[in-house]
1. Which of the GluC sites (Glu not before Pro) found in the range 73-136 are loop residues per DSSP with 16 or fewer other Cβ atoms within 10 Å of their Cβ?
2. By DSSP, what percent of the beta bridges with both residues in the chain are antiparallel, rounded to the nearest 5?
3. Under a 10 Å cutoff between Cα atoms, tell me which one of D96, D22, D119 has the largest fluctuation in the Gaussian network model of the chain.
4. Return P(r) of the chain (all Cα-Cα pairs; 5 Å bins starting at 0; whole %; ordered from short to long distances).
5. With all distinct Cα pairs included, what does the Kirkwood hydrodynamic radius of the range 1-67 come out to in Å, to one decimal, could you say?
6. So in the range 1-81, what percent of DSSP beta bridges are antiparallel if you round to the nearest 5?
7. Roughly how many Å is it from the Cα centre of the range 1-21 to that of the range 42-60, as a whole number?
8. Using 0.36 nm per residue of separation minus the Cα-Cα distance, give me the extension gain between L122 and A23 in nm, one decimal.
Amino acid sequence: MKLLMIFCEKFAYQPRMKTLEDAPEITEGNEFDSAMVGFIHLEQKDEDNAGYVETKLVKNLKWAARKNETNTIILHSFAHLSESKAAPDLTAKMFDSAEKRLAESGYEVSQTPFGYFLDLDLQAPGHPLARLFKEF
């Protein structure tokens, strides 16, 4: 897994193009203030270790959110950090499970629409903990 975390003073998206045929029809966007956004890329090698990878994902997002003093976490599928990709259904299931675990820990969690290219609008401050990258 590759995980790019960006703390955003503002993060907004608008669905632009459906990329997975079986994705639900979504036309509405959303906007968040003071959010830790996880740009998440699940790789094929992660399929054999999904439980471990999910735990690392959750722990890293919680740590980064605490460091940036936010309680809002956004999960965004970003399959552009490696040529290797996990199966879309596994990725979607992991996002749902991670969302549940984060919510149970007291975080406000949302996901961007899975299976879409999105128009993104973000404002990120320029400090060291606002942009973090992890690979596991």
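1. E83
2. Numbers: 24 of 34 bridges.
That works out to approximately 70 percent antiparallel.
3. The residue with the greatest mean-square fluctuation here is D22.
4. Percent of pairs per bin, in order: 2, 10, 22, 24, 22, 15, 5, 0.
5. In the range 1-67 this quantity evaluates to 14.0 Å.
6. 65
7. Answer, in whole Å: 19.
8. Contour length minus Cα-Cα distance gives 33.2 nm.
Each reported figure results from applying straightforward, stated rules to the coordinates on display, with no laboratory input. Computed from a predicted model, the values in this text were never measured in an experiment. Here Cβ is always computed from backbone atoms with ideal geometry, including for glycine, and neighbour counts include all displayed protein chains.
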